[in-house]
Amino acid sequence: MSKINLIVKREYLSRVRKKSFIVMTVIGPLLFAALLVMPAYLSTKSDDHNLVGVVDDTGLYYKSLQNSRSVEFRYLDMSLEEAREGFSSREENALLYIPVTHSSRQGEAVLFYRANQPSLVVQEHVRNQMSDRLERELIRNELGIDPAVLQGISPGINLSTIDMDTGKTSIALLTTGLGFFGGILIYFFIFIFGSQVMRGVLEEKTSRIVEVIVSSVRPFQLMMGKIAGVALVGLTQFLLWVVLTFIIVTVVQVASPALLDPAADQDKTVRETGVVMPQGISQDMLSEGEQVDASNRVATLAQGLQAINVPLMLGAFLFYFIFGYLLYGALFAAIGSAVDNEADTQQFMLPITVPLLLSIIMASFIMQSPGGPVAFWMSIIPFTSPVVMMIRIPFGVPVWEVGLSITLLILAFLGAVWLAGKIYHTGILMYGKKVTYRELWKWIRQSR
Amino acid sequence: MAIIEVKEVVKQFTGHLALDRVSISVPPASVFGLLGPNGAGKTTLIRIINQITRPDTGQVLFKGERLHPKHVDRIGYLPEERGLYRKMKVGEMALYLAMLKGLTKTVARERLDYWFKKFQIIDWWGRKVEELSKGMQQKIQFIITIIHEPELLIFDEPFSGFDPINQSLLKEEILKQKERGVAIIFSTHNMSSVEEICDQIALIHQSKLVLQGPVEELRRSHKKNEYMVELKNCLYPPQTVGNHRINVVNHHQKDGLLSMRIKVEEDVTANEFIKGLMTCGEIHSFKEILPSMNDIFIQNVSETPR
């Protein structure tokens, strides 16, 4: 077996066998699965039914407040005092009292409760229903228009975005989510595994094993072996996460299909793409009329998924995932070799972390204007391109831009490895010296 | 043919010359002492031989061939600052390091088994390195250095941190390697061990080679005509011996025996000197004092102006 393979193997096995790796591998999918399953689970469980007794002194609201999933109105034909006295013997959770007001434009109401305060959802529903009712009344009385007529002319706009080449519908939310999720993953991958490379180099340097090893292999081989070994660890972890998440979600779905039933289609999308849709707002907050829309939305979502160029997304993700890591991994290795202990890494970490952080900070801005100059430059410059291009890609990026970005990233990677190799070569055998940028420059110039 | 031959090697680091036209040659089956004060350039020379650093000019030949990456498998190196992978299992790590030196897994396994048993550390095979005592770690480091049966061994301060028992064990093994025909470069500050095991030395001082040659020859060439003499029936140290002026460095009487350390101011053979001595009294013992490597080291290093 060639020496670099031996190094890669050791780096890989020593990390994969660690307890922390196994723990992360198990906890990761559980978290992901929880993230996917919990909203659906909660929406079925939180069938928190509120019965609200209504004492209406104005008579305006009688039988005109609409029920929702969680709120049911019951109109009481009694005075407030009677209602309050008998409250504990009846089944209502709350009592809505609407007094007569002086202004016809101002509604007033009190929501009485005992022990359990009505949730914000209930309060919001009550307020909206009353406001709607009052609005209709005002439209009729002050403008002399029949609210039913007004409802008839309320315009509804349905905006679809369609790719002219493929004729497929896309859904902005889904594409955005996909790209953003990919970008975030790349960001975390670079940070977690890049710093693993750095710590590994530092460990070999401080334990002084490195001098023994570089008498057997070239320092460059040792560095590349470590970077490659850690990359494989990252890919393994990622793959295990995808597979385990898939298994957990499937098991949950099979075990209790009802749990995920209303959102089953949507959930499938989620599993296939790894994108978490805001399901939390779906069932519970929509009134009956909107439920139909929801199922339409699911259908459109599925359509939108088809619109996404899966091979392109996957290919781009893997490319930026690997090369982004390799670029930064080489730099992290150089840092690890230059210093004597982890505390000294700070000064050199800053210039590396800034572009990465910047790409995450700018992410939402880039999603708003994926074709703008900021997005363009950040997706071309190699230090930000892995994250930013991933965010941009779902919105459609001209081929030449992708090509340029890829070329520059590969070139930057080669440059970083070349530079890091020089720093590494001198650094790993240099002890007890406070290293400055000037010193690093000296190393780069003098090593051959 | 020499196993390793360094010819006129120059190595410059920014703002400082580490090696200035240094040449050494190490024949097989010999121990070559590489001496010099701290910062003289020994480590740089060792790293050049190990191909960790490249010389600016000059040549290094391994058995007559220009040094090539394939030669790293023929060299074993025990650095002064040495460590192990603390978190790895002992056996696994030893296998890894042995295989990095080009051994196949089976061969590495066999040989490690032999050495681990010989050094009585086989029970630690499955333990973590960090659980080992320092002495055991050093045994493992030694085993790893020689496991691939190299033709050139480089030991940098091998005895530091070893207890006396392990020191003699190590010395024995080093000499056994020499008997096998291995060329050994031995870098140390411990001059008594140099006298004990080195055949030749090279002294590097301020990046230059200041002294080189077989140990005995160097000691003889550095001799200062000093003798240790014991005379019977002689009450006072003599002023002259024969017609040679002498300087009695120290003397003492005990049980009718006068012991003296005498320095002869001029060149004289031992026989002539003894002839002169016989007139002073009965010679009980006579010994020429050769300077120790320690003296030679100090003399050569302090002669050169800083």
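Worth a mention:
- Test set (1) at pLDDT 90 or above; (2) more than 14 Å from every other protein chain (Cβ to nearest Cβ); (3) within 20 Å of A:Trp241 (Cβ to Cβ) - A:Met198 fails condition number: (3)
- Scope segment A:95-143; condition of a type in the set (Lys, Arg), over 38 Å from the mean Cα position of the chain (by Cα) and under 24 Å from A:Arg84 (Cα atoms); matching residues: A:Arg114
- Taken together, the criteria exclude B:Asp123 from residues that are surrounded by fewer than 20 Cβ atoms within 10 Å (Cβ to Cβ), assigned to a helix (DSSP H, G or I) and facing another protein chain (nearest Cβ under 9 Å).
- Within segment B:68-127, being in contact with a helix residue (DSSP H, G or I) (Cβ under 8 Å, 6 or more places away or on another chain) and among the aromatic types (Phe, Trp, Tyr) holds for B:Tyr77, B:Tyr85, B:Tyr96, B:Trp115, B:Phe116, B:Phe119, B:Trp124, B:Trp125.
- Looking across segment A:397-425, the residues that are of a type outside the set (Phe, Trp, Tyr) and in contact (Cβ under 8 Å) with a residue 40 or more places away in the chain come down to A:Val402, A:Ile406, A:Leu409, A:Ile410, A:Ala412, A:Ala416, A:Val417, A:Leu419, A:Ala420, A:Gly421, A:Ile423, A:His425.
- Residues of segment B:233-260 that turn out to be on the phi > 0 side of the Ramachandran plot and either basic (Lys, Arg) or assigned to a strand (DSSP E or B) (or both), as a count: 0
- Which listed residue, of A:Ile366, A:Ile360, is touching a helix residue (DSSP H, G or I) at 6+ places or on another chain (Cβ under 6 Å) and surrounded by 21 or more Cβ atoms within 10 Å (Cβ to Cβ): A:Ile366
- Checking B:Phe142, B:Phe186 one by one, the residue that is within 14 Å of chain A (Cβ to nearest Cβ) and touching a residue at least 60 places away in the same chain (Cβ under 8 Å) is B:Phe142 and no other.
Here is a yes/no grid of residues against (1) surrounded by fewer than 18 Cβ atoms within 10 Å (Cβ to Cβ); (2) in contact with a helix residue (DSSP H, G or I) (Cβ under 7 Å, 6 or more places away or on another chain); (3) at pLDDT 85 or above:
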{"residue": "B:Phe162", "(1), (2), (3)": "no, yes, no"}
{"residue": "B:Glu172", "(1), (2), (3)": "yes, no, yes"}
{"residue": "B:Ala183", "(1), (2), (3)": "no, no, yes"}
{"residue": "B:His189", "(1), (2), (3)": "yes, no, yes"}
{"residue": "B:Glu196", "(1), (2), (3)": "yes, no, yes"}
{"residue": "B:Ile201", "(1), (2), (3)": "no, yes, yes"}
{"residue": "B:His205", "(1), (2), (3)": "no, yes, yes"}
{"residue": "B:Pro238", "(1), (2), (3)": "no, no, no"}
{"residue": "B:Val249", "(1), (2), (3)": "yes, no, no"}
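Residue-by-condition table, conditions (1) in contact with a Lys or Arg (Cβ under 7 Å, 6 or more places away or on another chain); (2) buried (at least 21 other Cβ atoms within 10 Å of the Cβ); (3) of a type in the set (Ser, Thr, Tyr); (4) within 22 Å of A:Tyr325 (Cα to Cα):
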{"residue": "A:Pro394", "(1), (2), (3), (4)": "no, yes, no, yes"}
{"residue": "A:Val402", "(1), (2), (3), (4)": "no, no, no, yes"}
{"residue": "A:Thr407", "(1), (2), (3), (4)": "no, no, yes, yes"}
{"residue": "A:Ala420", "(1), (2), (3), (4)": "no, yes, no, yes"}
{"residue": "A:His425", "(1), (2), (3), (4)": "no, yes, no, yes"}
{"residue": "A:Lys433", "(1), (2), (3), (4)": "no, no, no, no"}
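- Applying a threshold of 7 Å to beta carbon distances and a minimum spacing of six or more residues, or different chains, the list of pairs starting in segment A:53-74 at a residue that is among the aromatic types (Phe, Trp, Tyr) and ending at one that is not in a strand (DSSP E or B) reads A:Tyr61/A:Met130; A:Tyr61/A:Arg133; A:Phe73/A:Leu65; A:Phe73/A:Asn67.
- Total residues in segment A:180-210, condition β-branched (Val, Ile, Thr) and in a loop (DSSP other than H, G, I, E, B): 1
- Against the numbered list (1) touching a helix residue (DSSP H, G or I) at 6+ places or on another chain (Cβ under 8 Å); (2) surrounded by 20 or more Cβ atoms within 10 Å (Cβ to Cβ); (3) free of Cβ contacts under 8 Å to residues at least 60 places away in the same chain; (4) farther than 22 Å from A:Leu138 by Cα, A:Leu96 comes up short only at (4).
- Of the residues examined, A:Gly427 is one that is away from chain B (no Cβ under 12 Å) and within 14 Å of A:Phe220 (Cα to Cα).
- Hey, A:Thr345 surrounded by fewer than 17 Cβ atoms within 10 Å (Cβ to Cβ), modelled with pLDDT of 80 or more and hydroxyl-bearing (Ser, Thr, Tyr) or not: no
- Among the candidates B:Lys263, B:Lys224, B:Lys287, the residue that is assigned to a loop (DSSP other than H, G, I, E, B), in contact with a strand residue (DSSP E or B) (Cβ under 9 Å, 6 or more places away or on another chain) and surrounded by fewer than 18 Cβ atoms within 10 Å (Cβ to Cβ) is uniquely B:Lys224.
- Odd one out for A:Leu260 among (1) at pLDDT 75 or above; (2) more than 14 Å from chain B (Cβ to nearest Cβ); (3) over 30 Å from A:Pro382 (Cα atoms): (1)
- Residues being in contact (Cβ under 8 Å) with a residue 12 or more places away in the chain, under 23 Å from B:Leu103 (Cβ atoms) and within 12 Å of another protein chain (Cβ to nearest Cβ) - total across segment A:9-30: 3
- Cβ-Cβ under 8 Å pairs, at least 6 apart or on other chains, segment A:175-204 side assigned by TED's automatic domain parsing to the domain that holds A:Leu13, far side among the acidic types (Asp, Glu): A:Arg199/A:Glu342; A:Gly200/A:Glu11; A:Leu202/A:Glu342
The values are calculated or read from the model by the stated rules, or taken from the named source; none is laboratory data. The shown structure was predicted, so the numbers you read here are calculated from the model rather than taken from an experiment. Please note: Cβ atoms are built from the backbone with ideal geometry, for glycine as well, and neighbour counts cover all protein chains shown.
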